Protein chains: 2
Amino acid sequence: MNYTENIISKYRAHGFKLTPQRLAILKCLDGNTSHPTAEDIYIELKKTHPTVSFATVYNTLTSLKDMGALLEVTIDPDRKHFDPNTTPHHHIICTKCGSIGDIFVDYSQALTLPEDVGAEFFLTGNHVDFYGLCKRCRTKGQV
Amino acid sequence: MNYTENIISKYRAHGFKLTPQRLAILKCLDGNTSHPTAEDIYIELKKTHPTVSFATVYNTLTSLKDMGALLEVTIDPDRKHFDPNTTPHHHIICTKCGSIGDIFVDYSQALTLPEDVGAEFFLTGNHVDFYGLCKRCRTKGQV
DNA sequence: ATGATAAAATAGAATTATTCTAAGTTAATA
DNA sequence: TATTAACTTAGAATAATTCTATTTTATCAT
Ligand SMILES: [Mn+2]
Ligand SMILES: [Mn+2]
Ligand SMILES: [Zn+2]
Ligand SMILES: [Zn+2]
């Protein structure tokens, strides 16, 4: 069962309607590792569904988030990125071009809180933002 | 030499003017561990400088960032928070009330990239977002 | 001290990301 | 095939941030 099939059954379980727009968004997200913004998805959708609205994109992304089928990635200060891979993982962002890569390593063992902070906060999760330069941006003489 | 004095000399070194508004913003930031938003600072400034504008707050924050005297914290998906403490450190955000705490631990030793990602990205930095519940929010029967 | 001037402050307009609203459309069900 | 709650849509609204044009001022050289 792939991402889309999985979500479709979840959608049905939640009593959500399966509309062409939603299916197109799911198709766009399925296996997508580019961490698209809402606009990226909107632009992609327009190709097959020219009358689709931004509201539908945002509404669907919110539904998917609420179902736990989509993550919001908060690494870019300018806009939200979305990630259909809900396996816990971390990200690295190229500080030059903004491209985002996945890091499937569990650092939890090392990521413990100092005593004073542990007394103040009950820890529920962690996410590492890595910063770097992607291969493309390191290559000299770029266009 | 405290934060403000330090920044004042840096401002002079950069040829920036020292205006009452800038001094007030520096005073507001000095030793501030609340990770305020631009609006938080604006509201605070209004008390002593009723005619101050948002543009001045943003301009000054940008100047401070450019001078390396201020960090932008990207842990809240809804707005930017600012931090006068430029010592490398990490943050924990209460997922209920949004309060942000500091974590002065260097996890770099443990935060290494897997081979494939290391081949694609040249690593320049890291920041850990911790999620949790603050004491206040854990206390039952809150107001 | 005074004047010249580049830099900064201001009000408000503009922009951008996101959310809301009201009206028309449709997937799901019977 | 009809019913209807849920969905889609266009566009308005909101909120964070940036820009613009104008006025003001800190600094520096007289
Ligand atoms: Mn990812
Ligand atoms: Mn901090
Ligand atoms: Zn890059
Ligand atoms: Zn809290």
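Values in this text are rule-based calculations from the coordinates and carry no lab data. Nothing here was measured: the structure is a model prediction, and the numbers come from that model. Cβ atoms come from the backbone with ideal geometry, glycine included; neighbour counts cover every protein chain shown.
Points to keep in mind about this one:
- Annotation: lysines with alpha-carbon distance below 23 angstrom to residue A:65 (same-chain offsets under eight excluded): A:10, A:17, A:27, A:46, A:80, B:80, B:96.
- Distances between every pair of Cα atoms in chain B, grouped in 10 Å steps from 0 to the bin holding the largest one, split as 10, 33, 31, 19, 6, 0 percent.
- Spatial extent of region A:3-83: Rg and Dmax, with the Cα atoms as the point set, Å: 12.0, 35
- The value given for region A:37-106 is a Kirkwood hydrodynamic radius of 13.3 Å, derived from the mean inverse Cα-Cα separation.
- Highest mobility in the GNM of chain A, judged by mean-square fluctuation with C-alpha springs under 10 Å and restricted to A:110, A:13, A:38, is found for A:110.
- Of all the options B:36, B:77, B:20, the one that moves most in a Gaussian network model of chain B with Cα springs shorter than 10 angstrom is B:77.
- Most mobile listed residue (A:91, A:14, A:35) in chain A, GNM with C-alpha springs under 10 Å: A:14
- Charge tally in the Cβ shell below 15 Å around residue B:101, where Lys, Arg are +1 and Asp, Glu are -1, residue B:101 excluded: -3
- For the protein assembly as shown, the mean residue ellipticity at 222 nm estimated from helices alone is -11000 deg cm²/dmol, where every DSSP H run of n ≥ 4 contributes -39500 (n - 2.57) and the total is divided by all residues, rounded to the nearest 500.
- Here the protein assembly as shown yields Rg over Rh of 1.01, to two decimals, using C-alpha coordinates and the Kirkwood radius.
- The aspartates and glutamates within cross-link reach of residue A:47, meaning a Cα-to-Cα straight distance under 20 Å and a gap of 8 or more places when in the same chain, are A:30, A:39.
- Applying the Karplus relation 6.51 cos²θ - 1.76 cosθ + 1.60 with θ = phi - 60° to region A:13-24 yields 3J(HN,Hα) values of 4, 8, x, 7, 6, 9, 9, x, 4, 5, 4, 5 Hz, where x marks Gly and Pro.
- Once Rg and the Kirkwood radius are both taken over the C-alpha atoms of region B:90-139, their ratio Rg/Rh works out to 1.15.
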